Amino acid sequence: METQTEKFVKLIDQSVEIAEQMRHESEHSQRLNNVISVLQSVKTKIVIGQLEPSGGKSTLGLAREVSDWIEPLDAPLLKAVGAVEEYYQKYF
């Protein structure tokens, strides 16, 4: 059975994978690089136990950042970072 941390890392890795695939075919490569960097930073913090708790209210700001420029609004990357945000708020 996966721990909450393992599940969270898996969601982050899925988001990074989607962003990396998009980077090669998108005019938003700098924004994608920023998203990847933030995701990797969050992953590092969760693994070493230094991620700030959300208290059920704080977000990582990823979904808001991605929704500012991604089209369409049901894009796989937006869904993936939305799942990361939701998991963070629910379990951390």
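The values are calculated or read from the model by the stated rules, or taken from the named source; none is laboratory data. Predicted, not measured: the structure shown is a model, and the values here were computed from it. Cβ sites come from the backbone with ideal geometry, for glycine too, and all protein chains shown count toward neighbours. The accessibility values were calculated without ligands, DNA or RNA, using every heavy atom of the protein model including side chains. Shrake-Rupley method; radii C 1.70, N 1.55, O 1.52, S 1.80 Å.
Just a few scattered comments:
- Heavy-atom accessible surface of the chain: percent carbon and sulfur, 1.4 Å: 48
- Helix 29-48 axis versus longest C-alpha principal axis of the chain: approximately 10°, rounded to the nearest ten.
- Estimated from helices alone, the mean residue ellipticity of the chain at 222 nm is -22000 deg cm²/dmol (sum of -39500 (n - 2.57) over DSSP H runs with n ≥ 4, per residue).
- Considering only GluC sites (Glu not before Pro) in DSSP loops that have at most 13 other Cβ atoms within 10 Å, the longest stretch of the chain without any of them is 28-92.
- Each residue of the stretch 82-90 was assigned a 3J(HN,Hα) from its phi angle through the Karplus curve 6.51 cos²θ - 1.76 cosθ + 1.60 (θ = phi - 60°); the sequence is x, 5, 5, 4, 4, 5, 4, 5, 7 Hz, with glycine and proline shown as x.
- Proximal aspartates and glutamates relative to Lys10, as straight alpha-carbon distance under 19 Å, when same-chain residues fewer than 8 apart are discounted: Glu2, Glu20, Glu52, Glu85, Glu86
- Asp74 versus Tyr91: modelled label distance in nm, points set 7 Å from Cα along the beta carbon direction: 2.6
- Applying both filters, DSSP loop and at most 11 other Cβ atoms within 10 Å, to the trypsin sites (Lys or Arg not before Pro) of the stretch 1-62 gives Lys57.
- The charge dipole of the chain, taken about its Cα centre with unit charges on the Cβ atoms of Lys, Arg (+1), Asp and Glu (-1) only, comes to about 340 debye.
- Relative contact order (%) - the chain, alpha-carbon pairs under 8 angstrom, separation at least six: 37
- Listed residues Gln4, Pro72, Val16: farthest to the positive end of the dipole of the chain (Cβ charges): Gln4
- With Cα atoms, 0 to 90° folded angle of helix 4-23 axis to the chain main axis: 10
- Label-point separation in nm, Glu20 to Glu52, each point 7 Å along Cα→Cβ: 2.8
- For Lys57, the lysines whose Cα falls under 21 Å of its own Cα, not counting residues fewer than eight places away in the same chain, are Lys7, Lys43, Lys45, Lys79, Lys90.
- Dmax and Rg, reported as Rg then Dmax, of the chain (C-alpha, Å): 12.7, 40
- A Förster distance of 41 Å, applied to the separation of the beta-carbon atoms of Glu27 and Thr3, puts the FRET efficiency at 0.60.
- Accessible surface computed residue by residue for the chain, with neighbouring protein chains in place and a 1.4 Å probe, gives 63 Å² per residue.
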